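Working notes for the structure below.
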Amino acid sequence: MLFEYPLLEALAAVVREGTFEAAARSLNITQSAVSQRLRLLEEKAGAVLVVRGRPCVATEYGQQLYRHLEQVHLLEHDLRKNLTSIENTSAGIPAVIRIAVNSDSLATWFPEVIERAGSTMNLTFDIIPDDQEHTAERLRSGEALAAVTAEANPLHGCKRVPLGAIEYLAVARPDFVKHHFPNGVTLDALSTATSLVFNRKDLLPQQWLLNAIGESTPLVGHMMPDFSGYMACCRNGSGWGMMPRFSLERYLDQGSLVELMPGTSVIVPLFWQSTGPGSEIMKILSSIVVEVARKHLLAESTAGL
């Protein structure tokens, strides 16, 4: 199959934006033109590339073509960078790279990656936030070119590098603990005390129950899918929750938050998995991610990576 890149760009825009209308706006062409280009590409491929809906979703074949185009963009960016260094001209339009990042990393250490890579590599980031157990699926599906993930097994065609680990502590305000756990933190008391979960994918509270008490129980409480809001709810006494140790240290030192059961935690190893190992830009970005992550996360030896 001979690739015609205007057709691939239409496919990528539909997958990235989710609708034909939004894809047309991003490409500055009509919606009819996007539809015609995608239909022509599907005829050439002999396969359906996008499942129409809201949002539109790429098929497995479409995902492979989408990933190919993203990798071509990175290689073109490498080439422009090399040519401009020879010609001593400006680097031109920044490359866009889609990365799936777990929400706790995105709220803590990953912005330093964006600042460093964005300013030194002429990059812009399209971040896909998700739970660390699910970011790998975004990479597997072709939605992202790289991911910060809890998936330890290397994905097909990807390079995997250990980053370290996040240690999560179960914390609450002292008055919350005094009110809900007057006789200690027991399974019965935990089943009625208000808890906080990030979203329906959040398994950390149940993992902590297994580590701390040896069994789990259904919990009741609030769903708060925002790092800042989650922290605010812990601090105002709305419930108990699981937060990264490095985001808690000043509150623990002040005594405004306390651990439910000191000495217990959940340790989540994180990995950087990336496609396009031949791209110079991905190699440099990967080195920045690893360097920044290891400044903030538990060391590999401590995390058992």
Please find, in a Gaussian network model of the chain (springs between Cα atoms separated by less than 10 Å), the residue of G241, G164, G214 whose mean-square fluctuation is greatest. G214
What figure, in Å² to the nearest 10, do you get for the accessible area of R52 with a 1.4 Å probe and non-protein molecules left out? 120
From the phi angles alone, apply the Karplus equation (6.51, -1.76, 1.60; θ = phi - 60°) to region 143-160 and give each ³J(HN,Hα) in whole Hz, x where the residue is Gly or Pro. 5, 10, 8, 7, 8, 8, 8, 8, 6, 7, 7, x, 6, 4, x, 10, 9, 10
Can you give me the angle between helix 31-45 and the longest principal axis of the chain, using Cα atoms only, in degrees from 0 to 90, rounded to the nearest 10? 80
Using amide H atoms built in the peptide plane, which far-off residues or other-chain residues are under 5 Å from V96 H to H? T124
Compare the Cα positions of M243, T264, H296 along the charge dipole of region 208-296 (+1 at Cβ of Lys, Arg; -1 at Cβ of Asp, Glu; about the Cα centre) and return the one farthest towards the positive end. H296
How much space per residue, in cubic angstrom, does the convex hull of the C-alpha atoms of the chain take up? 159
Would you calculate, for the chain, the mean residue ellipticity at 222 nm contributed by helices, counting each DSSP H stretch of 4 or more residues as -39,500 (n - 2.57) and dividing by all residues, to the nearest 500? -14000 deg cm²/dmol
Within region 162-207, which trypsin sites (Lys or Arg not before Pro) sit in a loop by DSSP and count at most 10 neighbouring Cβ atoms inside 10 Å? R200
Computed Rg/Rh of region 156-247, alpha carbon atoms with Kirkwood Rh: 1.03
Using distinct alpha-carbon pairs, which all enter the 1/r mean, Kirkwood radius of region 1-75 in Å: 12.0
Length gained when the stretch V72-K159 is fully extended (0.36 nm per residue, less Cα-Cα span): 29.6 nm
For region 165-305, what is the convex hull (Cα atoms) projected area averaged across all directions, in square nanometres? 9.7
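The values are calculated or read from the model by the stated rules, or taken from the named source; none is laboratory data. Computed from a predicted model, the values in this text were never measured in an experiment. Heads up, the Cβs are rebuilt from the backbone with ideal geometry, glycines too, and the neighbour counts pull from every protein chain shown. These accessible areas exclude ligands, DNA and RNA; they are computed on the full protein's heavy atoms, side chains included. Shrake-Rupley method; radii C 1.70, N 1.55, O 1.52, S 1.80 Å.
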